[in-house]
1. Extending each Cα 7 Å along its Cβ direction at residue 256 and residue 158, get the distance between those two points in nm, one decimal.
2. Could you state the angle between the C-alpha long axis of helix 391-404 and the longest principal axis of the C-alpha atoms of the chain, as a value from 0 to 90 degrees rounded to the nearest 10?
3. Work out how much length residue 370 to residue 354 would gain on full extension: take 0.36 nm times their residue separation and subtract the Cα-Cα distance, in nm to one decimal.
4. Could you work out how far apart the two model spin labels at residue 283 and residue 190 are, taking each label as a point 7 Å from the Cα in the direction of the beta carbon, and quote it in nm?
5. To the nearest 10 degrees, how steeply does helix 76-88 sit against the main Cα axis of the chain, on a 0 to 90 scale?
6. Between residue 213 and residue 84, what length in nm is gained on full extension when 0.36 nm per residue of separation is reduced by their alpha carbon distance?
7. Sum -39500 (n - 2.57) across every DSSP H segment of at least 4 residues in the chain, then divide by the residue count to get the 222 nm mean residue ellipticity, nearest 500.
8. Counting other C-beta atoms within 10 Å, which of 99, 395, 404 has the fewest, and how do the rest follow?
Amino acid sequence: MPAAVLIGAQWGDEGKGKATDLLGSRLDYVVKFNGGNNAGHTVVIGDEKYALHLLPSGILTPGVTPVIANGVVVDIEVLFEELEGLEARGVDVSKLKVSANAHLITQYHRTLDKVTERFLGKRQIGTTGRGIGPSYADKINRVGIRMQDLFDENILRQKVEGALDQKNHLLVKIYNRRAIGVDEVVDELLSYVDRLRPMVTDTALLLHEALERDETVLFEGGQATMLDVDHGTYPFVTSSNATSGGAITGSGIAPNKIDRVIAVIKAYTTRVGAGPFPTELFDEWGDFLTQQGHEFGTTTGRKRRTGWYDAPIARYSARINGVTDFVLTKLDVLTGIERIPVAVAYDVDGQRFDEIPVSQSDFHHAKPIYEEFPGWTEDISGAREFSDLPANAQSYVRELEAMSGSRISAIGVGPGRDEIVTLHDLLG
Ligand code: GDP
Ligand code: IMO
Ligand code: MG
């Protein structure tokens, strides 16, 4: 089974990093196809804890070739920081390949991300401030700088000049910031060229050839379905396609090559940043989920907003992504709750919606309609077979499965690599 896509089903931080790591030893390639260093994936291996941002989680598995594909926006300074950090801990990073078509995040993107957020005031998105949106905006506006531009100094200078022309007017006249010099940007970028040269390649061709040889490729999404720029809660989204379609355009591999779509979903819901979140909790149960689940962002350290499981979101994700398998994570966090509410539909001004309303205004006003399921008190972190779970945990999982639009093939019962119950082979 050569190609699988793994994405987040909710608003991110579902445990995609752990799920990728779990499959690591069976993979030849792990491909990051969207986003940039806005992602934060925590992987726990024994006593070691790793936080990955720009690099795909597969980099931690010896033998895997990690790939940063064309759909990613790359902050090169961050790339080297992260590589050096891993090397210092003994991780072999020498196989990394980066697409010649990936766009760059430079200092002016980071600056613009921060000043535009400040300007939005109450309408802020709550971005990670990493320059993601401005870099993708340049790509769409056709004034972006790509990896391959670094290898032709004249072209690079022309493109940086072109990009800064308008931006400096904006920075100085609107945002009251200093102008950014062409030379300082070009010189910084050129300083990376020698180290980048061996990594930068035609990754679409590389992956195509790997699939022709029947090698196993996992496309690992950053962010998640509800943060997708087309299918998420726009404008409270990231600036890339985090859904399974993004794996196609973001890597240059055709849709008929994909065999499986694995969606990672938490047994409850979290969100970082602004935007609608129907099941959000503002009471002690919200604090319970934050504390039990350690719900603090891996990238910005912000406290994550928390709420109950939302079945219409799961069904929406199943449809948009063509999910074949769900990995249900953090079931252990719900231990000790007497009755666990699950949103089965919404009420919008007296009208019942069984699916996510298409109008964003309706979604902002959606009140969850809950069903409650009996909880359990036993520690489940040692469970490895479905039958090891307490009867009520088993029925909670089965109830979620029945309302979520695809089968649940694995269940996370703790952060560690082996803390997982497998029901169906994710790559079989
Ligand atoms: P990602 O962005 O989707 O890779 O997820 P993050 O790494 O940002 O957040 C998920 C967090 O949950 C990490 O701290 C993981 O170590 C942790 N985690 C993953 N799966 C489980 C699980 O089944 N149980 C518990 N308790 N923690 C988990
Ligand atoms: P992983 O891959 C959770 C959120 C930000 C903000 C919005 C836009 O770890 O699941 P951006 O900086 O991308 O322009 O911010 O998207 N966001 C995430 N939330 N997990 C992530 O990544 C996220 N990446 C971006 O908080 O609301
Ligand atoms: Mg994360």
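Every read-out reported here was derived from the displayed coordinates using simple, explicitly stated rules and does not represent laboratory data. If you're wondering where the values come from, they're calculated on a predicted model, not measured in any experiment. Virtual Cβ from ideal backbone geometry, glycine too; neighbours counted across all protein chains shown.
1. My value for the distance between the label points is 3.8 nm.
2. 60
3. Computed gain between residue 370 and residue 354 is 4.6 nm.
4. Output for this residue pair reads 6.4 nm.
5. 60
6. 43.3 nm
7. Taken over the chain, the calculation gives -9000 deg cm²/dmol.
8. Ranking 99, 395, 404 by Cβ neighbours within 10 Å, fewest first, gives 395, 404, 99.
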